[in-house]
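Heads up: the structure comes next, in structure tokens.
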Amino acid sequence: MPSAQSNWIAAAKLGLVSSTFSTLVSQLAAARIGRDAAVDWMTVAAIPLCDGVITAEPSWGAIAGGIAFHQWADFSWALVFFGLFGRWTAELRPLTIFAVAMPWAIFTSATEWLLLVPLFPFFQPIFTLQQPYWIGLLVHASSAAMYPLFAWLRFPLGAAPRSPEVRFAKAWALGGLAVVAMLGAVAGLDAAGREFPWFGTDRVADQDYIRHMTTHHRQGIVLAQLGIERARDPSLQSLARLMVASQAGENRIFDNWWQSWFGTLMPDCSAQERADMPGYLTQAQMQEAHTTAPEQFDAVFIRLMSLHHQGAVLMADQEWHSHGDLRLRIMAHAIRHEQQGEIALMHGVSGVEAVRAAISNMVSDNVNGMDQPGTR
């Protein structure tokens, strides 16, 4: 029977494997559900490195920092599961490990999203308000899916017995490699403009949503760039940079999906469509942002961007509750969460209040027809 020390060593090996697997899956699968992996990694990097790492175009340093922090977190959870709790988990059969690992993924992702990141010890509300809980759950679940390999990795290299458990674990490892290869192939097809075809029941409604949200995001990017240039509050500047990065990344995904699904260039929105679009600012409002006095800019920016985000939340909420393509609906749910979270961040929400807001934003549109959360 392996000793407690060997359990810790095996837990470390398993942590390296599982965290690397989840990193690869996250990177390759992100765009399939409308996520820009570079922006997500930058947001993760902001947990330990704070707002200074956020840029309008994610840097390689920020991406590497996010990946490293993510791998450290997944590695640590594996150490807890098989090292600290090794007396109960080390002897389990692979399928039993898998059955226990899935609730573990729910627990660990919830612990990070609800407590460790927004409260103690990092006190960073951006991650929780920017990314809905299910994103972290998917990442943790992909890492925990590799836990059955422990039945093989607990033995020194080349010394594992030819037991059914070890054979199963080896087959499981081959399955993991196959998943990575499949996701890599799908990502390669996407890069070549050959995403899986559109699936939905209302083609025109999905097309209108993509066109409208793309146009809406373009105006949001222009306003956010003003925030980068003119805001006096450093936190507001950082948030404006994040807005540019996230909305530009989402527009790239919209454009890729449109061309792959519909085989044409995306038509622009008409003047009437812009006028009817919820939250789309008028020329007078945009001019106000350009010309307002420097000492008044932050308040004007928060007011106008909050109005703009409210419109995006309304459109995303309608798409989420539609019968459109599931990928588009999942992306809309994340946009609804993200933009409500940014409204909260602009109004200085943090701590327990940020956690409450994030939970509420996960399940509904909380900004249309309601007072804005918090005050700055």
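The set of residues in region 78-135 being part of a loop (DSSP other than H, G, I, E, B) and surrounded by fewer than 21 Cβ atoms within 10 Å (Cβ to Cβ) consists of Phe85, Glu91, Leu92, Arg93, Leu119, Phe120, Pro121, Phe122, Phe123.
Considering region 262-277 alone, what residues qualify as being free of Cβ contacts under 8 Å to residues at least 40 places away in the same chain and either open to solvent by less than 70 Å² (accessible area, probe 1.4 Å) or outside any loop (DSSP other than H, G, I, E, B) (or both)? Please lay out each step first, then the result.
Going residue by residue through region 262-277, those that are free of Cβ contacts under 8 Å to residues at least 40 places away in the same chain are 263-265, 270-272, 275-276.
Residues satisfying the conditions are Gly263, Ser270, Ala271, Gln272, Ala275, Asp276.
Checking each residue in region 22-36 for being within 18 Å of Ala68 (Cβ to Cβ), open to solvent by less than 30 Å² (accessible area, probe 1.4 Å) and touching a residue at least 12 places away in the same chain (Cβ under 8 Å) picks out Ser22, Thr23, Val25, Ser26. You will find that of Leu236, Leu226, the residue that is over 25 Å from Arg329 (Cβ atoms), touching an Asp or Glu at 6+ places or on another chain (Cβ under 8 Å) and not in a loop (DSSP other than H, G, I, E, B) is Leu236 and no other. The conditions of being touching a residue at least 12 places away in the same chain (Cβ under 8 Å), closer than 24 Å to Glu342 by Cα and part of a loop (DSSP other than H, G, I, E, B) are met by Ala56.
Is it the case, given these coordinates, that Asn251 is surrounded by fewer than 20 Cβ atoms within 10 Å (Cβ to Cβ), within 25 Å of the chain's Cα centre (by Cα) and closer than 17 Å to Asp206 by Cβ? Show your work before the answer.
Details: surrounded by fewer than 20 Cβ atoms within 10 Å (Cβ to Cβ): no; within 25 Å of the chain's Cα centre (by Cα): yes; closer than 17 Å to Asp206 by Cβ: yes.
Answer is no for this residue.
In this structure, does Phe75 turn out to be open to solvent by 30 Å² or more (accessible area, probe 1.4 Å), farther than 28 Å from Glu195 by Cβ, touching a residue at least 60 places away in the same chain (Cβ under 8 Å) and not in a loop (DSSP other than H, G, I, E, B)? It is true that Phe75 is open to solvent by 30 Å² or more (accessible area, probe 1.4 Å), farther than 28 Å from Glu195 by Cβ, touching a residue at least 60 places away in the same chain (Cβ under 8 Å) and not in a loop (DSSP other than H, G, I, E, B). Screening Arg35 on (1) within 19 Å of Thr128 (Cβ to Cβ); (2) part of a helix (DSSP H, G or I) shows it passes everything except condition (2).
Number of residues in region 98-113 that are within 16 Å of Pro48 (Cα to Cα) and of a type in the set (A, V, I, L, M, F, W, C) equals 1. Scanning region 43-52 for residues being open to solvent by less than 30 Å² (accessible area, probe 1.4 Å) and over 15 Å from Val139 (Cβ atoms) gives a total of 1.
With the condition kept exactly as written, say whether any residue in region 283-294 is loosely packed, with under 11 Cβ neighbours inside 10 Å, in a loop (DSSP other than H, G, I, E, B), modelled with pLDDT under 95 and among the hydrophobic types (A, V, I, L, M, F, W, C).
No.
The set of residues from region 317-363 being more than 28 Å from Val300 (Cβ to Cβ), open to solvent by 20 Å² or more (accessible area, probe 1.4 Å) and assigned to a loop (DSSP other than H, G, I, E, B) comprises His321, Ser322, His323. Just so you know, in region 136-164 the residues that are assigned to a helix (DSSP H, G or I) and of a type in the set (Phe, Trp, Tyr) include one that is most open to solvent (accessible area, probe 1.4 Å), and it is Trp152.
The values are calculated or read from the model by the stated rules, or taken from the named source; none is laboratory data. On a predicted model such as this, the values are computed, not experimentally measured, just so you know. Ideal geometry is used to build each Cβ from the backbone, glycine not excepted, and the neighbour counts take in all protein chains shown. The protein model used for the area step is the full one, side chains on, heavy atoms only, and it has no ligands, DNA or RNA in it. Shrake-Rupley method; radii C 1.70, N 1.55, O 1.52, S 1.80 Å.
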